[in-house]
Amino acid sequence: MLYDFKTFEAKVVAAKEWLAKEYRGLRTGRASPAVLDSISVSAYGSMTPLKQVAAIGVEDARTLRIQPYDIGILKDIERAISSADLGLGSSSDGTVIRVTFPELTAERREQLIKVAKGKLEEARTTVRLARDEAWKDIQEKERAGEITEDDKFSHKEEMQKKVDKANEDLEKGAIRKPHHMNNEELPYEKRYPRIAREKLVIPRTMEGTLNLDFYDVAKELNDILSDTPGYVGLAPVGSRTRGYARQGSEQESDVDVLFFYDSSKTPRHEFEFARHSAISAVQNSQGKTIDSGFPINVTHMGIVYSLLPLSRGQTQETQLGFLFAQTAIGPHIDESRKQVAEYLKTFPSPSRAKAIRGLADATVALEMKFEDRIYRMNIPKDELDKMWSGRQQQWEKQIVESIKLYSS
C-alpha cells in the first residue's frame, strides 16, 4: 500500500525555501534588496513588510535606494532599518533613504560563514523532525492494521531516500554562500572549469590569454536580480564568449548580456527599471561597460511567437536560442528551457527538426552580426573560418541535448 508523503515533502520544500531566504539575507558587502526582506515597518496601525510600502532599488554596488510610496512614513522606515541591526548604514535627504553596505572585513566574513553553517543545521533539523513525524505516522498505521509490516519498512526505506535527497539539496545551496563570502580569488580556469573548456564558449582574448571575467559580471548581475519579480535569467554573449575580445583601458570590449523575463509575472517597465539599476551597479563595481539589448520575453506566447515560424521553415530573427547557452544562469532558466522543450514536443518530428535547426541558425546569425567588427580587428581569414566552422552544428547539438534533458 502506498504512503502519502505530501506532508513530509511540503515541510522539506519549506525548509529549502527558508534556507534560501536566510542566505539571501546574510550581508556579503554587496547591495542586495533581499537583505531587507525581513524588515517590517510600523505604519498605519500595523506592521507592514518594507517592500509593500516603498520601492527598493540598487543605486550602486554598495548602495540601496528606498523611495517610500508615502513620504509621511519615511521616519518610520528609517527606524525599522536601524532597529533591525543588520550592520548597515542609512541616510535620508527627506524624500529618499539610502542604505549603504560597508565592505566586509575578513573577520566579518568568517562570522557570516559560521552563521551560514548554523542556518544549514537548522534546515537539516527541520528535515529530521519531518522525518520523525512521518515515521511515527507510518508506525501508527501499521499498528492500526492499515498497512503491513513489509509496507512499513518499505515506506521507511523510501522516506530515507527522500531525506538523503533533501539533505543533498540543502548542502548544494550551502556550498555556494561561504565560498562567495570568502571572496576567494582563484584562477579563472579553476573558478569556472566547465565553461573554460566548452566549445560554445571561447574565453580567450585576442591576445591569447584566458579570460572569464565576463562571467563574474554575469554572476553579480544575477545575484542582484535574483529576487526581482519576472526575472528568469541572463546569458553572456558577444565577443567575450567568442574569443575575439580586446583587453586594455581604451579598447577593451564591452560585456554583452541578454536578459530573459516573464511578462506574466511583472510589467516590462518595472523589470526594465530593475535591470538598468543592476547594470549601473555592476558597471561601477566591476569597472566594465555592459551592453544589453531589449529583454527577451519567455512567456508561453513569447515562445510560440519565436518558434512557430521556424517550424514552418520561415526565417525569423530570434534570440531565444541563447536561453540554451552554457553560460546562461538565473533562478528560472531551467523552467524556461523545459517550457520550450515541452512546446517543441507538440510539433510533428519534421517540424520540430526545422524549428531546432532554425533556432540554431538564428542564434549563429546574431553572433555573426558582429563580423564586420571582427574584420576591422584584422583577424586573419583562416582564423575567422576556424571561428565559424561548425558553429551552427554546435548550437544545434546544444539545443537538442538540452531539449532531451528537459523533456525527459
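Considering the options 84, 333, 202, tell which one lies farthest towards the positive end of the dipole of the chain, charges being +1 on Lys and Arg and -1 on Asp and Glu at the Cβ, about the Cα centre.
Checking the options against the dipole of the chain, the answer is 202.
Stokes-Einstein D for the stretch 29-100 at 25 °C, 0.890 mPa s, Kirkwood Rh over Cα pairs, in µm²/s?
205
Taking the Cβ of residue 294 as the centre, find all other residues whose Cβ is under 14 Å away and add up their charges (Lys, Arg: +1; Asp, Glu: -1).
-2
Pick from 242, 128, 337 the residue whose mean-square fluctuation is largest in a GNM of the chain, springs joining Cα atoms under 10 Å.
In this elastic network of the chain, the residue with the biggest mean-square fluctuation among 242, 128, 337 is 128.
Could you work out the relative contact order of the chain? I mean the mean sequence separation of Cα pairs under 8 Å and 6+ apart, divided by the number of residues, in percent.
Relative contact order comes out at 13 percent.
Given the options 354, 381, 369, which has the most mean-square fluctuation in a GNM of the chain, springs set between C-alpha atoms less than 10 angstrom apart?
Between 354, 381, 369, it is 381 that shows the largest mean-square fluctuation.
With +1 assigned to the C-beta of every Lys and Arg and -1 to the C-beta of every Asp and Glu, and no other charges, what is the dipole magnitude of the stretch 5-136 about the Cα centre in debye, to the nearest 20?
For the stretch 5-136, the charge dipole is close to 500 debye.
Go through the stretch 259-327 and name the GluC sites (Glu not before Pro) that are in a DSSP coil and have 16 or fewer other Cβ atoms within 10 Å of their Cβ.
317
Please go through the stretch 105-156 and write out the GluC sites (Glu not before Pro) that DSSP classes as loop and that have at most 14 other C-beta atoms within 10 Å.
146
Which values of log₁₀ I(q)/I(0), to two decimal places, follow from the Debye formula for the chain at q = 0.07, 0.09, 0.13 Å⁻¹ with a uniform point scatterer at every Cα?
Taking Cα atoms of the chain as identical point scatterers yields -0.43, -0.70, -1.24.
Taking the alpha-carbon distance from residue 381 and a cut-off under 26 Å, which lysines remain once sequence neighbours fewer than 8 residues away in the same chain are dropped?
199, 369, 397
Give the cross-link partners of residue 172 among the aspartates and glutamates, using a straight C-alpha distance below 17 Å as the criterion and excluding same-chain residues fewer than 8 apart.
17, 22, 121, 122, 164, 223, 334
For the stretch 102-158, report the translational diffusion coefficient in µm²/s to the nearest whole number, using Stokes-Einstein at 25 °C, 0.890 mPa s, and a Kirkwood Rh over Cα pairs.
D, rounded to a whole number, is 173 µm²/s.
Kirkwood hydrodynamic radius, computed over distinct alpha-carbon pairs, for the stretch 230-289: how many Å, to one decimal?
That comes to 13.0 Å for the stretch 230-289.
Within the chain, which whole H helices from DSSP have a Cα span along their axis of at least 15 Å and a mean Kyte-Doolittle hydropathy of 1.0 or more, if any?
Counting only whole DSSP H runs, the qualifying helices are 300-311.
Please report, largest first and rounded to whole Å, the three semi-axes of the ellipsoid equivalent to the stretch 200-343, where each semi-axis is the square root of five times an eigenvalue of the C-alpha gyration tensor.
Semi-axes, largest first: 27, 19, 12 Å.
Given the pairs 51/114; 11/114; 16/141; 11/117; 161/190, which are separated by over 30 angstrom at their Cα positions?
Distance filter (> 30 Å) returns 161/190.
Using the eigenvalues of the Cα gyration tensor, what equivalent ellipsoid semi-axes result for the stretch 249-322 when each is taken as the square root of five times the eigenvalue, whole Å, largest first?
The three semi-axes for the stretch 249-322 are 29, 18, 6 Å.
Each value in this text was obtained by applying a stated rule to the coordinates, not by laboratory testing. Since we're looking at a predicted model, the values are computed, not measured. Here the Cβ is made from the backbone with ideal geometry for all residues, glycine too, and neighbour counts use every protein chain on show.
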